[in-house]
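Undergrad: Shown below is the structure under consideration.
The values are calculated or read from the model by the stated rules, or taken from the named source; none is laboratory data. Owing to the predicted nature of the structure, the values given are computational and were not obtained by experimental measurement. Glycine gets a Cβ as well: all are built from the backbone with ideal geometry, and neighbour counts include every protein chain shown.
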Amino acid sequence: MSEKKPENGTAAGDRLEAVRGALISWFVEHGRDLPWRYTRDPYHVLVSEVMLQQIQVTRAVPFYLAFLERFPTVEALAGAPIAEAIRVWGDLGRYRRVVNLHRTARLVVEEHGGEIPPDPEVLATFPGIGPYTAGAVACFAFERDVPFVDTNMRRVLHRLFFGPEVPDARAKDREILSVAAELVPRGRGWEWNQALMELGALRCTARRPLCDECPVADGCRARGDILEALSASPRAAKKPVYRYKGSNRYYRGRALAKLREAPEEGVTLRDLGAALRDGFTEADLPWVEGVARSLEKDGLAVLDGAKPAPGTPDIVAEERPAYGAEASTGAGETAAVRVRLP
Ligand code: SF4
């Protein structure tokens, strides 16, 4: 691959207008029809942004619609018990997000009169809202011309203005954010940021970018190197397969599914363990207690009748543990501990 120096600010500035025009035109023609693109309701936009992080767009759509059907306003979400919010969140996973979203809804109602604030710096003070989500809500709900970058946007900007991002990044985050800030066109921040995200999702993908179908290929500083690399290895290396079944997330997800269906008082640890693992025995109680306590730590479950267990690891063992370890209480007592949604 050829070595390229990062483009200086002036050279980048010369190309901004062309890049903006080409990308926005492409987005208008090729952008996907997604429900959150039809709203400027700050709460709806916030829900979509919280749901979309590291979740495929097509997977998130039905969850987004179902969540808003049950909780159409920030007041509706704030007024609901957290257990109900977790139930309605369904199988989307990453359940800490719904806990934070619910906390945010309550703070918005209690401290901001039910109005989600438009200022990204204020937004970033709410639970679980980082600089990306704060910028996205400010832009997509309030049409503020603010820059923000997620993984996809960072990759696109790096390739366009600095060259390939692998094997070593050629620009620091602050440099990329500075280019992002320079690029946001006045009065068209909403379209621009949507277009940048869409390019990262549909064309400038991480593993196999479609440079030949890219609207901003002209002058892209990564295109030559990427085409060269792709022609040398036409089939991209297979991504290592993430073994979801049997992972911590797998058991946490299944435990929450069981709790969502359970009566309000929840289920015993013994029943929870039997639902999660075939051939569950008393010897598996420390393991299922670990699963329940990891949910408790994230505000997703409550253990009734359990003693505090300082020694209980908050990382759930993926495989059966060495069962010589003592449970936090006697086995009989542990088995009877009830686990429920908060
Ligand atoms: S030309 Fe290729 S690397 Fe450059 S922005 Fe387009 S898809 Fe990405």
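Undergrad: Mind telling me which of the residues Arg270, Arg221 ends up being closer than 22 Å to Leu202 by Cβ, among the charged types (D, E, K, R) and modelled with pLDDT of 90 or more?
TA: Criteria check complete, one pass: Arg221.
Undergrad: Hey, among Phe71, Phe63, which residue is more than 14 Å from the chain's Cα centre (by Cα), surrounded by 15 or more Cβ atoms within 10 Å (Cβ to Cβ) and not assigned by TED's automatic domain parsing to the domain that holds Gly253?
TA: Answer to the selection: Phe71.
Undergrad: Hey, among Phe148, Phe140, which residue is within 27 Å of Thr104 (Cβ to Cβ) and in a loop (DSSP other than H, G, I, E, B)?
TA: It is Phe148.
Undergrad: Mind checking which residues of the stretch 45-67 are farther than 12 Å from Leu101 by Cβ, assigned to a helix (DSSP H, G or I) and in contact (Cβ under 8 Å) with a residue 40 or more places away in the chain?
TA: Scanning the stretch 45-67 gives Val45, Val57.
Undergrad: Right, something else. Please specify each residue of the stretch 248-276 satisfying the condition of being out of contact with any helix residue (DSSP H, G or I) (no Cβ under 6 Å at 6 or more places or on another chain) and either part of a loop (DSSP other than H, G, I, E, B) or among the polar types (S, T, N, Q) (or both).
TA: Passing the criteria: Asn248, Ala262, Pro263, Glu264, Glu265, Gly266.
Undergrad: Considering only the stretch 214-226, state which residues are more than 8 Å from the ligand (Cβ to nearest atom) and not in a loop (DSSP other than H, G, I, E, B).
TA: Gly224, Asp225
Undergrad: Right, something else. Test Val45 against the stated conditions and say whether it is closer than 27 Å to Gly253 by Cα and touching a Lys or Arg at 6+ places or on another chain (Cβ under 6 Å).
TA: No: the conditions fail for Val45.
Undergrad: If I filter the stretch 196-212 down to residues being part of a loop (DSSP other than H, G, I, E, B) and within 9 Å of the ligand (Cβ to nearest atom), which single residue comes out as farthest from the chain's Cα centre (by Cα)?
TA: Step by step, filter the stretch 196-212, then rank; the result is Leu210.
Undergrad: Could you tell me which of the residues Pro185, Pro164 is within 13 Å of the ligand (Cβ to nearest atom) and in the same structural domain as Gln56 (by TED's automatic domain parsing)?
TA: Pro164
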